[in-house]
Amino acid sequence: MKTSGQCIEESKKQLSALGKIESRTQFGGYSLSVEKVVFALVSEGELYLRASEKMQTYLQHRRLQPFIFHKRGQCVSLNYYKVDPVLWQQSDALLELSHCSLNEARALRESQLSRQRLKDLPNLSLRLEILLKEVGIASASHLRATGARQSWVLLRQKNKHLGLKTLYALQGAIFGQHLEVLSVGVREELKHWYLQFEQTSVHSARKRSNDF
């Protein structure tokens, strides 16, 4: 019987076409994800794929065991199905099913993000949500697409008093974490960009003043 570690390595090898697969502990085992989108679980040396439309079609021909999660003495069946020895041998079918699992998980995540309110993100208040909407950023997905720096620039054009802390807050909101736990590297990079922006703004203001 394979260990979970061996199963993860084999999964990464066989499913490498999906992209860079990362693993982390979850549900007493491990989750497998590409770009933070979870498409499979590994538990006790077995791989379980997230259910998808393609998986439902496959299940009509072969029965696969669902993933059972034991929590506080109760058994909870999750929408993931065990990759059996036959499917492991069908590398093309396994890759196709995994690809569909990833795509549907990604689509669901995008749908959820598009409906997520800005004020529900870390660091963002109702006031900041209103300011963001005033500059055309109306959703969490739009904020992520715009990026912290460009969003801050747009806000700064409306409110000259916004500083480095607001830039940290926006980046933390995009990362899904409190601004105080941003890594040192991220904070230093943002600070460097902010100081350059301020220096450029002062220089531009002096130039305009001299022009008059």
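The values are calculated or read from the model by the stated rules, or taken from the named source; none is laboratory data. Only a predicted model underlies this, so the values are computations on that prediction, with no experimental measurement involved. A quick note on method: Cβ atoms are made from the backbone with ideal geometry, for glycine too, and the neighbour counts reach across all protein chains shown. Heavy atoms of the whole protein, side chains included, go into the accessibility calculation; ligands, DNA and RNA do not. Shrake-Rupley method; radii C 1.70, N 1.55, O 1.52, S 1.80 Å.
Restricting the range 108-133 to residues that are charged (D, E, K, R) and closer than 19 Å to Leu154 by Cβ, the residue that is least open to solvent (accessible area, probe 1.4 Å) is Glu129.
Can you tell me which residue is modelled with the lowest pLDDT among those in the range 173-210 that are among the charged types (D, E, K, R) and open to solvent by less than 90 Å² (accessible area, probe 1.4 Å)? So the residue we want is Glu198. Could you list, in sequence order, all residues of the range 26-42 that are buried (at least 20 other Cβ atoms within 10 Å of the Cβ) and out of contact with any Leu (no Cβ under 9 Å at 6 or more places or on another chain)? Hits for the range 26-42: nothing passes. Counting only helices (runs of 4 or more DSSP H) that sit completely within the range 68-163, those holding 3 or more residues that are under 27 Å from Leu18 (Cβ atoms) correspond to 85-89, 91-115, 140-146. Consider the range 69-98 and keep the residues that are over 24 Å from Lys12 (Cβ atoms) and touching a strand residue (DSSP E or B) at 6+ places or on another chain (Cβ under 6 Å). The one that is least open to solvent (accessible area, probe 1.4 Å) is Val76.
Look at the range 1-13: where a residue is assigned to a helix (DSSP H, G or I) and a partner is open to solvent by 100 Å² or more (accessible area, probe 1.4 Å), sitting 6+ places away or on another chain with Cβ atoms under 9 Å, you get Ser4/Glu44; Cys7/Glu44; Lys12/Lys20. Condition first: small (Gly, Ala, Ser) and loosely packed, with under 11 Cβ neighbours inside 10 Å. Can you find one or more residues in the range 134-154 that meet it? So far as the range 134-154 goes, yes, one or more of its residues are small (Gly, Ala, Ser) and loosely packed, with under 11 Cβ neighbours inside 10 Å.
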